[in-house]
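Undergrad: Okay, here's the structure, questions in a sec.
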Amino acid sequence: MKKVLLLSLFLTFSSITLAQVTFKPGARVGANLASISKTDDNSRVDFYAGIFGKLKLGKLYALQPEITYTKQGSENIELDYLSIALINKFYLLKDKMPIYALIGPSFDVNLHGDTGSYSNNYSSGYSTGVTFEADLSFQAGVGYDFPFGLGVEARYKQGTIDVIGDDAIFEGQLNSVIQLGVSYKFSFSKKED
């Protein structure tokens, strides 16, 4: 009898919890202000665009996997990445205002870095070009969701892998990106979260 009661309680709470889970696909696009640390190169202004799936796991938390094409690097070092991110969204004032904080890691695959201007240019200190094909980054930011599916957000993205070379003299040249953009969540039901 106890097993039946426990099983029915478990199934009841599981169904209540699963009833709160929603999934919404979406798209995001915006501007990047990218730079590479420990270089004298100017920042690069470019864009990012991608898709995501927002998995709402409660009133205050959502998990958002993302796939994004992002143009990073600096003025003379063009790095184009396919970024796969797992963003955690925390809705701080959901009842009063849909503002959220976000944080999460991303794995960025370098599609085709262009360091032609630095190849064999020993006087500037960049003789090896891009040697790593990937970067592990961490992102943090804030955003706001409008009730009709549109959202705006600002993020800071910091790379952790040296993107220029493995020479000890030039260690620590990391991607650093400020992203400002908009997103749109597609809703396939009449009820909005």
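Undergrad: Given the C-alpha atoms of segment 46-86, compute the convex hull and give its volume per residue in Å³. Before the final figure, lay out each step's value.
TA: Numbers: hull volume 2.9 nm³, N = 41.
Convex hull of Cα atoms, per residue: 71 Å³.
Undergrad: How much FRET efficiency would the formula 1/(1 + (r/R0)^6) give for N88 and N42, where r is the Cβ-Cβ distance and R0 is 41 Å, rounded to 0.05?
TA: Working: r = 33 Å, r/R0 = 0.80.
Rounded to the nearest 0.05, the efficiency is 0.80.
Undergrad: Among 77-84, 48-55, 105-112, 93-100, what's the highest-first ranking by average C-beta atoms within 10 angstrom per residue? Write out the running numbers ahead of the final one.
TA: Values: 77-84: 20.5, 48-55: 17.6, 105-112: 15.9, 93-100: 13.2.
By packing density, highest mean first, the sequence is 77-84, 48-55, 105-112, 93-100.
Undergrad: Give me the one-decimal Kirkwood hydrodynamic radius in Å for segment 38-108, with the sum taken over alpha-carbon pairs. Walk me through the intermediate numbers first.
TA: On the way: mean 1/r = 0.0715 Å⁻¹.
Answer for segment 38-108: a Kirkwood hydrodynamic radius of 14.0 Å.
No lab work stands behind these numbers, since they all come straight from the coordinates. Just so you know, these numbers come straight off a predicted model, no measurement behind them. Ideal geometry is used to build each Cβ from the backbone, glycine not excepted, and the neighbour counts take in all protein chains shown.
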